[in-house]
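> Sharing a structure with you now.
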Amino acid sequence: MRANKKYDALSIFAILITSYLFIGWANSFEQIEKAAEGVESISAEFIQEKHLKILTEPLVSKGVFYFKAPRSLRWEYISPIRSILVMHNGNIKRFIRRNSGLTEDSSINLQTMQMVLQEITMWLKGHFDDNPNFTADLKAGRKIVLTPKEESLSMMIKRIELMLSSRPGVIKSVTIYESEDSFTNLEFRKVRLNSNVEDSLFREIK
Amino acid sequence: MKGIDLLLITLMLTISCGSLPELEPGNLSIISDIHERCSIPFLDDKWQLIHSIEATMPDGKKGFVVGITVIAPQTGTIHCVIMTIEGLVVFDAQYGQKVVINRGIYPFDSVDFAKDLMNNIKLVFLKPDGELTESGMLNNGSYVCRYRNNDGTVVDVIINQDNTWIIRHYNNRSCLTRTIRAYSRRKPSVSQKMIPGRLELTSHGPAEHSLVLELIKAELL
């Protein structure tokens with residue numbers, strides 16, 4: 001009983017110390033960049049909630065993503081629509097899974113997707129303050145607010161809010177505001193840093 | 001050469017248009033049943049529908065988006081939002097007395113696109129505006145109701161015996177301009193309104209294109 005108490009106290013102490021250490025990783029853009037320096041690959045599950053005035057409740061999508069430095073990304077929705085977006089070696093493709101199998105989406109806007117890839121790559125590598133498209137503002141509570149620099153972009157996206165995890169190098173959530181009543185929230189979980197992410201994930205679409 | 005192509009296309013269009021399919025008049029005892037069944041495709045109450053949409057362009061290329069539609073038959077109003085699978089809203093418009101575009105990102109930003117889209121939604125989900133002038137059966141036993149509008153356009157509502165229905169729109173030269181095929185998951189009944197699980201819309205003409213809508217969610221509001 002006594003041992004348990006001691007263990008609890010130690011645990012709490014350890015948690016507090018660890019929390020302070022982790023809080024410290026996001027005090028400045030330099031610290032964030034340094035923490036993300038060693039990130040070579042990331043994989044995670046995500047839950048996407050689309051909030052719109054027209055919807056009685058948010059539209060929830062679920063999926064997984066894999067990132068491998070320098071510029072490979074697989075962004076895959078499992079539900080409600082099964083789709084796979086792959087960016088690898090400068091090629092961008094999106095496939096939709098129908099009853100008949102995988103169908104390539106040929107309407108994909110390559111220019112937009114290049115920009116999205118650039119953004120995601122920069123975020124995952126911790127580069128926020130040298131972003132050509134957004135002005136970054138680091139707020140209290142490990143929150144980064146990105147505001148479009150160009151008016152043409154701000155017509156589509158008002159701002160993006162990124163919440164950093166207490167775990168160095170990890171983004172906890174992203175909220176993309178098109179307007180105050182139209183926004184998309186992405187929550188990441190089961191984040192794995194520098195695990196073995198095979199190149200075939202970006203080449204072979206199954 | 002281009003002139004000959006154009007002539008051939010015009011000739012083909014002329015040949016393919018000009019007369020509506022003949023309807024075999026239904027026997028008097030089933031007329032009321034035909035009329036009742038012809039109302040199956042159309043909504044009576046306010047619904048919110050979410051679809052995945054596959055668009056096939058005239059060149060065969062495909063594009064995918066998500067469509068959210070709120071349809072209120074009582075007021076004749078429609079609110080439609082189109083977004084990418086990733087959730088970026090590319091189109092938001094409302095239809096009441098006229099079409100109002102709240103948001104439109106190229107290529108979804110034109111008034112013509114918005115009007116065409118609203119007309120398609122009306123054609124699929126709202127009872128035709130025109131007068132019911134004929135009803136009967138086709139050779140295969142399907143029930144048909146024919147609605148004629150003041151501008152000479154015609155809408156045929158065809159209810160098949162296999163849980164599917166077809167809506168055909170003809171212009172004022174009796175050319176088939178649009179066909180909608182609806183597939184439901186269970187047998188339709190008049191008393192229990194049902195939203196089709198799959199809709200296929202084909203826009204006919206020289207630049208034929210099609211949309212396939214798969215229902216993700218339907219909610220009675």
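The values are calculated or read from the model by the stated rules, or taken from the named source; none is laboratory data. If you're wondering where the values come from, they're calculated on a predicted model, not measured in any experiment. Reconstructed Cβ throughout: ideal geometry from the backbone, glycine too, with neighbour counts over all protein chains shown.
> Of the residues A:145, A:116, A:174, A:191, which single one is within 14 Å of another protein chain (Cβ to nearest Cβ) and assigned to a strand (DSSP E or B)? Before you say what the answer is, go through the steps one by one.
On the way: A:145 fails: within 14 Å of another protein chain (Cβ to nearest Cβ); A:116 fails: assigned to a strand (DSSP E or B); A:191 fails: within 14 Å of another protein chain (Cβ to nearest Cβ).
Testing whether each residue is within 14 Å of another protein chain (Cβ to nearest Cβ) and assigned to a strand (DSSP E or B) leaves just A:174.
> Out of the residues in segment A:101-117 that are of a type outside the set (Val, Ile, Thr) and at pLDDT 75 or above, which is farthest from the chain's Cα centre (by Cα)? Reasoning before the result, please.
The first filter runs over segment A:101-117 and keeps only residues of a type outside the set (Val, Ile, Thr), leaving A:101-102, A:104-107, A:109-111, A:113-115, A:117.
Now narrow it down to the ones that are at pLDDT 75 or above: A:101-102, A:104-107.
On the way: A:101: 28, A:102: 25, A:104: 24, A:105: 23, A:106: 25, A:107: 24 Å.
Among those residues, the one meeting the criterion is A:101.
> For segment A:188-196, does any single residue satisfy the condition of being touching a strand residue (DSSP E or B) at 6+ places or on another chain (Cβ under 9 Å) and over 19 Å from residue A:65 (Cβ atoms)? Steps first, answer last, please.
Start the filter on segment A:188-196 by keeping residues that are touching a strand residue (DSSP E or B) at 6+ places or on another chain (Cβ under 9 Å), which leaves A:188-196.
Now narrow it down to the ones that are over 19 Å from residue A:65 (Cβ atoms): none.
Within segment A:188-196, not a single residue is touching a strand residue (DSSP E or B) at 6+ places or on another chain (Cβ under 9 Å) and over 19 Å from residue A:65 (Cβ atoms).
> Has segment B:17-27 got at least one residue that is at pLDDT below 85 and touching a His at 6+ places or on another chain (Cβ under 8 Å)?
The answer is no; no qualifying residue exists.
> Are there strands (runs of 3 or more DSSP E) fully within segment A:71-112 with at least 1 residues that are within 20 Å of residue A:197 (Cβ to Cβ) and of a type outside the set (Lys, Arg)? List them.
Numbers: elements: A:72-79, A:83-88, A:91-98, A:101-104.
Of the strands (runs of 3 or more DSSP E) lying wholly inside segment A:71-112, those with at least 1 residues that are within 20 Å of residue A:197 (Cβ to Cβ) and of a type outside the set (Lys, Arg) span A:72-79, A:83-88, A:91-98.
> Shifting gears a bit: Would you check if residue B:92 is over 18 Å from the mean Cα position of the chain (by Cα) and at pLDDT below 90?
So residue B:92 fails the test.
Residue by residue, here is whether (1) among the basic types (Lys, Arg); (2) within 24 Å of residue A:84 (Cβ to Cβ) holds:
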{"site": "A:130", "(1), (2)": "no, no"}
{"site": "A:135", "(1), (2)": "no, no"}
{"site": "A:139", "(1), (2)": "yes, no"}
{"site": "A:151", "(1), (2)": "no, no"}
{"site": "A:160", "(1), (2)": "no, yes"}
{"site": "A:167", "(1), (2)": "yes, no"}
{"site": "A:175", "(1), (2)": "no, yes"}
{"site": "A:180", "(1), (2)": "no, no"}
{"site": "A:184", "(1), (2)": "no, yes"}
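> Among A:168, A:132, which is the only one that is within 22 Å of residue A:28 (Cβ to Cβ) and over 18 Å from the mean Cα position of the chain (by Cα)?
Numbers: A:168 fails: over 18 Å from the mean Cα position of the chain (by Cα).
Being within 22 Å of residue A:28 (Cβ to Cβ) and over 18 Å from the mean Cα position of the chain (by Cα) holds for just one of A:168, A:132, which is A:132.
> Can you tell me which of (1) within 14 Å of another protein chain (Cβ to nearest Cβ); (2) in contact with a Gly (Cβ under 8 Å, 6 or more places away or on another chain) is the one residue B:212 doesn't meet?
Of the numbered conditions (1) within 14 Å of another protein chain (Cβ to nearest Cβ); (2) in contact with a Gly (Cβ under 8 Å, 6 or more places away or on another chain), the odd one out for residue B:212 is (2).
> Related question: Just for strands (runs of 3 or more DSSP E) wholly inside segment B:47-158: which have at least 2 residues that are of a type in the set (Asp, Glu) and more than 14 Å from chain A (Cβ to nearest Cβ)?
Details: elements: B:47-56, B:62-72, B:77-83, B:89-95, B:99-104, B:131-137, B:143-148.
Filter on segment B:47-158 gives B:131-137.
> Select from segment A:65-81 the residues that are surrounded by 14 or more Cβ atoms within 10 Å (Cβ to Cβ) and either more than 30 Å from residue B:221 (Cβ to Cβ) or small (Gly, Ala, Ser) (or both) and list them in ascending order.
Across segment A:65-81, the qualifying residues are A:65, A:66, A:67, A:68, A:69, A:71, A:72, A:73, A:74, A:75, A:76.
> Considering only residues of segment A:45-64 that are within 12 Å of the chain's Cα centre (by Cα) and surrounded by fewer than 19 Cβ atoms within 10 Å (Cβ to Cβ), which is farthest from the other protein chains (Cβ to nearest Cβ)?
The extreme case among them is A:45.
> Further, regarding this structure: Output the number of residues of segment A:50-66 satisfying the condition of being touching a Phe, Trp or Tyr at 6+ places or on another chain (Cβ under 9 Å), assigned to a strand (DSSP E or B) and not β-branched (Val, Ile, Thr). Give the steps one after another, and end with the answer.
So in segment A:50-66, the residues touching a Phe, Trp or Tyr at 6+ places or on another chain (Cβ under 9 Å) come out as A:50-52, A:61-66.
If we keep only those that are assigned to a strand (DSSP E or B) as well, we get A:50-51, A:61-66.
Then keep just the ones that are not β-branched (Val, Ile, Thr); that gives A:50-51, A:61-63, A:65-66.
Going through segment A:50-66 one residue at a time, the tally reaches 7.
> Something else about it: Filter segment A:175-205 for residues that are exposed (fewer than 13 other Cβ atoms within 10 Å of the Cβ), closer than 28 Å to residue A:51 by Cβ and touching a residue at least 60 places away in the same chain (Cβ under 8 Å) and give the result.
Result: A:181, A:189, A:190.
> Further, regarding this structure: Looking at (1) within 9 Å of chain A (Cβ to nearest Cβ); (2) in a loop (DSSP other than H, G, I, E, B); (3) not polar (S, T, N, Q), which one does residue B:41 not meet, given that it meets all the others?
(1)
> Shifting gears a bit: Could you go through segment A:37-52 and let me know if any residue there is of a type in the set (S, T, N, Q), touching a Leu at 6+ places or on another chain (Cβ under 7 Å) and within 30 Å of residue B:94 (Cβ to Cβ). Spell out the reasoning first.
Taking segment A:37-52 first, the residues of a type in the set (S, T, N, Q) are A:41, A:43, A:48.
So of that shortlist, the ones also touching a Leu at 6+ places or on another chain (Cβ under 7 Å) come out as A:48.
From what's left, within 30 Å of residue B:94 (Cβ to Cβ): A:48.
Checked segment A:37-52: at least one residue is of a type in the set (S, T, N, Q), touching a Leu at 6+ places or on another chain (Cβ under 7 Å) and within 30 Å of residue B:94 (Cβ to Cβ).
> All but one of (1) hydrophobic (A, V, I, L, M, F, W, C); (2) in a loop (DSSP other than H, G, I, E, B); (3) buried (at least 17 other Cβ atoms within 10 Å of the Cβ) hold for residue A:156; which doesn't?
Evaluating residue A:156 over (1) hydrophobic (A, V, I, L, M, F, W, C); (2) in a loop (DSSP other than H, G, I, E, B); (3) buried (at least 17 other Cβ atoms within 10 Å of the Cβ) leaves (3) as the failure.
> So, one more: Go through segment B:154-165 and give me each residue that's touching a residue at least 24 places away in the same chain (Cβ under 8 Å) and at negative phi.
We begin by selecting, within segment B:154-165, every residue touching a residue at least 24 places away in the same chain (Cβ under 8 Å); these are B:154-157, B:159, B:163, B:165.
Scanning segment B:154-165 gives B:154, B:155, B:156, B:157, B:159, B:165.
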